[in-house]
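Worksheet for the structure shown next.
The values are calculated or read from the model by the stated rules, or taken from the named source; none is laboratory data. All of these numbers come straight from a predicted model, not from anything done at the bench. Please note: Cβ atoms are built from the backbone with ideal geometry, for glycine as well, and neighbour counts cover all protein chains shown. Accessible surface is based on the protein model in full, side chains and every heavy atom, while ligands, DNA and RNA are left aside. Shrake-Rupley method; radii C 1.70, N 1.55, O 1.52, S 1.80 Å.
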Amino acid sequence: MKLYRFAIELLQVVILLGAAPAFIGWVRILKCWSQGRTSAGLFQPYRDLIKLFSKDIVLADNASWIFRFTPYLVFGTAVLAGAIIPMLSIDLLIASTADVIVLVALFAIARFFTALAGMDIGTAFGGLGSSREMTIASLAEPAMLMAIFTVSLASKSTSLSQMVQVIYSGQSVLRPSLAFALLAFILIALAETGRIPVDNPATHLELTMIHEALILEYSGRHLALIEWAGMMKLFLFVMLGIAAFAPWGIAESDGIIQISAAFLYMVLKLGIAGTGLVLIETGLAKMRIFRLTEFLGSAFLLATLGMLSFFILE
């Protein structure tokens, strides 16, 4: 039984590695269609990664071990997070030991080392990006924990598998607290993944870029690993939102038919999530950097209202 659960967990990681670039390609295709442009195709992110892996690495003379180690750590934390979130089945091997608190900690570790690597070389853009990234983190992480804790209060557990089981039982459906938490989570996901209106992943303008400023000095396979990890992070946040707020379709048993049906449901939900993301990004403009505190403060306020409404109405 443990071997079978390990196989499902390994399958989730393989899907994460393979489907994350395709999801980015789907979002780019929809954005091009909405703007009347021709898209590069669904598989362009794969071609970009292959091109980066084939290039040589160029390192600065003063680059320390932090700069060299960070791409592998960021990639590894993203893969490990993929083994925690129930994408196909709730019966995961590490579900009993890893919960949403561990998940947030993994994202925090990756961000911390990325900020250190941005400052390691000593460039102006690296320091600028690190400062902005940690400012966003100081506001986004408490709001994310507050939103997830609202869901965990309803399910009486911080385990994602337990949350899915409680929602399946119908005990925490159509609650005002979950509606507030969902709105807060959407705002936080946009900030954490560097999407519009918080950041624009398609620009390198020094006055607006946040995440791109941290990785300007990377090249070759190091840049490929960071770009791949960024694709997986967006995929993971979508799957985390699905597991916490709309888990219907995730298999409760480990049968082949149930896992296959869960995969089809996952593809359908990813298509809908990509469409919603494109609607948000095409309908909003890039926000000024000084307005981000209001944006993330609103997310924290919504998450707090969700928790308060839970204690008041339950």
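Here is how the numbers come out for the structure above:
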read-out	value
Restricting segment 247-281 to residues that are polar (S, T, N, Q) and within 18 Å of Tyr168 (Cα to Cα), the residue that is most open to solvent (accessible area, probe 1.4 Å)	Gln258
Test: Val104 is closer than 21 Å to Pro86 by Cα, part of a helix (DSSP H, G or I) and over 22 Å from the mean Cα position of the chain (by Cα)	no
Sole exception among (1) in contact (Cβ under 8 Å) with a residue 12 or more places away in the chain; (2) more than 26 Å from Leu268 (Cα to Cα); (3) open to solvent by 50 Å² or more (accessible area, probe 1.4 Å) for Asp61, by number	(1)
Residues located in segment 241-286, provided they are closer than 21 Å to Ile196 by Cβ, part of a helix (DSSP H, G or I) and not aliphatic (A, V, I, L, M)	Gly241, Gly271, Gly274, Thr275, Gly276, Glu281, Thr282, Gly283
Exclusive hit being open to solvent by 80 Å² or more (accessible area, probe 1.4 Å) and of a type in the set (S, T, N, Q), set Gln35, Gln12	Gln35
Search result, residues across segment 268-299 that are among the β-branched types (Val, Ile, Thr) and in contact (Cβ under 8 Å) with a residue 40 or more places away in the chain	Thr275, Val278, Ile280, Thr282, Ile289, Thr293
Inter-residue pairs, beta-carbon under 9 Å, first among the acidic types (Asp, Glu) and in segment 106-119, second surrounded by fewer than 20 Cβ atoms within 10 Å (Cβ to Cβ) and part of a helix (DSSP H, G or I), 6+ apart	none
Failed item, numbered, when Ile250 is tested on (1) out of contact with any Ser or Thr (no Cβ under 9 Å at 6 or more places or on another chain); (2) at pLDDT below 90; (3) of a type in the set (Val, Ile, Thr)	(1)
Counted residues, segment 47-58 - those being assigned to a loop (DSSP other than H, G, I, E, B) and either open to solvent by less than 50 Å² (accessible area, probe 1.4 Å) or in contact (Cβ under 8 Å) with a residue 60 or more places away in the chain (or both)	4
So Leu284, is it more than 18 Å from the chain's Cα centre (by Cα) and closer than 22 Å to Ala243 by Cβ	no
Residue check for Ala115: more than 16 Å from Leu10 (Cα to Cα) and surrounded by fewer than 16 Cβ atoms within 10 Å (Cβ to Cβ)	no
Residue match in segment 68-76 (condition: surrounded by 15 or more Cβ atoms within 10 Å (Cβ to Cβ) and part of a loop (DSSP other than H, G, I, E, B))	no
